[in-house]
Amino acid sequence: MSGFNNIVILTGAGISAESGIDTFRSAGGLWEQHNVEDVATPEGFARDPDLVLGFYDMRREALREREPNAAHNALALLDAEFAGELLIVTQNVDDLHERAGAKRVLHMHGELKSALCTSCEMRSPWDAPMSAKDGQRPPCPVCWARTLRPDVVWFGEMPYQMERIYRALREADLFVSIGTSGAVYPAAGFVRDARDLGAQTLELNLERSEGSHWFHESRQGRAGDLVPAWVEEVLGG
Ligand code: OAD
């Protein structure tokens, strides 16, 4: 698979599974362990902020133990060596693409290691717990209000940088989806958008996803095997 000049890659929880981060919808995944309405909606946060802050504190803390895997490393290599346009749009809130060395990464669902202040609306890098300690939540580094929330996109909220993503999809000649179930929009619709606009489309996933039939080609297997092999095809061709 070669001869492409403009590639958009969408990644989901499956690319980080081999690093030991739980996916959402698999048996025993995060949405079996936790109620989505409680921990991933603005209403859940309004009802019980401590529960929500604790959930993201736990995930941020767990991230310290995790390392990028062969799939993240392969995409970082592609990012470094591919001379054409490239954008890695990730639905993941972990930082494993960056830790592997990828630069052209866009976090459409936000980041665990970022805080959003609901008072001044500024986003700040964040690597500490956000829940209350001694009865007080930590202050925003910009306006000092104690009104921080995780900088992640919850259900019912608009993902980040949609204009930039659609611009990239319009210009792409190849769209590749890696490790995502195709259950959550708007990301699940990118394959159709890209295809309608003339791009080739490729899926790399452990199993067939809800949207597999939309892709020109769908390969099944572990991201740690499929992604390095595909990157070699692109760079070697
Ligand atoms: P899901 O948990 O819905 O899907 C993960 C996909 O990865 C599944 O299709 C698995 O088969 C596949 N998979 C698992 N292990 C894999 C491996 N080793 N190699 C390749 N594929 C593997 O996760 P997402 O599609 O990322 O949103 O979920 C999308 C969004 O739903 C998330 O960003 C999150 C969630 O609710 C928000 O929180 C807003």
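The values are calculated or read from the model by the stated rules, or taken from the named source; none is laboratory data. Since the model is a prediction, treat every value here as computed from it, not as a measurement. Here Cβ is always computed from backbone atoms with ideal geometry, including for glycine, and neighbour counts include all displayed protein chains. The accessibility values were calculated without ligands, DNA or RNA, using every heavy atom of the protein model including side chains. Shrake-Rupley method; radii C 1.70, N 1.55, O 1.52, S 1.80 Å.
Remarks
- When restricted to residues that are within 7 Å of the ligand (Cβ to nearest atom), open to solvent by less than 10 Å² (accessible area, probe 1.4 Å) and without any contact (Cβ under 8 Å) to a residue 40 or more places away in the chain, the range 6-39 contains 1.
- Scanning the range 131-150 finds one or more residues that are open to solvent by less than 10 Å² (accessible area, probe 1.4 Å) and within 16 Å of the ligand (Cβ to nearest atom).
- Residue match in the range 22-31 (condition: more than 23 Å from L106 (Cα to Cα) and assigned to a helix (DSSP H, G or I)): yes
- Pairing each residue of the range 91-105 that is farther than 19 Å from M58 by Cα with any residue that is away from the ligand (no atom under 16 Å from the Cβ), provided the two are 6+ apart or on different chains, yields C-beta distances under 6 Å for A100/A76; G101/A76; A102/A76; A102/D79; K103/D79; R104/D79; R104/L86; R104/L87.
- Restricting the range 94-137 to residues that are among the charged types (D, E, K, R) and part of a loop (DSSP other than H, G, I, E, B), the residue that is modelled with the lowest pLDDT: D134
Per-residue answers, yes or no, for (1) buried (at least 18 other Cβ atoms within 10 Å of the Cβ); (2) of a type outside the set (D, E, K, R); (3) more than 30 Å from L235 (Cα to Cα):
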{"position": "M58", "(1), (2), (3)": "no, yes, yes"}
{"position": "R66", "(1), (2), (3)": "no, no, no"}
{"position": "D79", "(1), (2), (3)": "yes, no, no"}
{"position": "D94", "(1), (2), (3)": "yes, no, no"}
{"position": "E121", "(1), (2), (3)": "no, no, yes"}
{"position": "D127", "(1), (2), (3)": "no, no, yes"}
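- Any chance Y166 is within 14 Å of the ligand (Cβ to nearest atom), open to solvent by 50 Å² or more (accessible area, probe 1.4 Å) and not in a strand (DSSP E or B): no
- Residues in the range 197-213 that are in contact (Cβ under 8 Å) with a residue 40 or more places away in the chain and hydrophobic (A, V, I, L, M, F, W, C) were compared, and the one that is farthest from A187 (Cα to Cα) is L206.
- Condition met for A199 (within 16 Å of the ligand (Cβ to nearest atom), of a type in the set (G, A, S), at pLDDT 95 or above and not assigned by TED's automatic domain parsing to the domain that holds L51): no
- When D38, D57 are checked against the criterion of being of a type in the set (D, E, K, R), part of a helix (DSSP H, G or I) and touching a Ser or Thr at 6+ places or on another chain (Cβ under 8 Å), a single residue qualifies: D57.
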